[in-house]
Amino acid sequence: MAPKMYQLLFAGLLGEEKKFREMMYHQGVRPSLVDQMLREAPIIVKQNLSLKAARKYAELLSAMGARITILDQFSQQDDEQDTEPPTPMSSFVPCPQCGLVQSNVNVCPRCGFRLTGQSCKGEGRVASDRT
C-alpha cells in the first residue's frame, strides 16, 4: 500500500498582500505564480507531499500571511476502488407517516409503516427540503 499523501490548499491571505508578495519573491517564487494564487484562490499549490513536508510548507506559507489548509490527497487508485455508482434520488422514498427518506425497503425502519406500492411524489427531494 502506498504511503498517504497530502496537498496544500491556498485559501487566500490573512496578512498584507505586499508583504506576502515580497516574502514569496525572496523564496524564489515567480510573481506570475503569486498572481495566479491570489486570483484563483482557493487553489491547490502543492501536491504529493508527506505529512511532514506538508506541515513544513504550511508553516512557511502561514508565516508569510497565507491561509493554508493541509488536505488528504486521494490517489486515482482509491477512486477506482469505489466503482459503485451513486443511487439516483428518484429511488428514494419518504415515509408518508414519519418522513424518513429511504431506499429499497418495504417497511420503514423508523416507524414500521408498510411502503410497498408507495412512490416518491417529490422526486429528488429529501426530508429536510419538505415544508
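The values are calculated or read from the model by the stated rules, or taken from the named source; none is laboratory data. Source: prediction; values computed, not measured. When we count neighbours, we look across all protein chains shown, and the Cβ atoms used for this are built from the backbone with ideal geometry, even at glycine.
Things worth noting here:
- When the stretch 1-31 is limited to residues that are surrounded by fewer than 11 Cβ atoms within 10 Å (Cβ to Cβ) and of a type in the set (G, A, S), the one that is nearest to L51 (Cα to Cα) turns out to be A2.
- Residue tally, condition exposed (fewer than 10 other Cβ atoms within 10 Å of the Cβ) and either of a type outside the set (S, T, Y) or modelled with pLDDT under 70 (or both), over the stretch 110-131: 5
- Within the stretch 1-18, being assigned to a loop (DSSP other than H, G, I, E, B) and free of Cβ contacts under 8 Å to residues at least 40 places away in the same chain holds for one residue alone: M1.
- Considering residues of the stretch 60-98 that are acidic (D, E) and in a loop (DSSP other than H, G, I, E, B) only, the residue modelled with the highest pLDDT: E84
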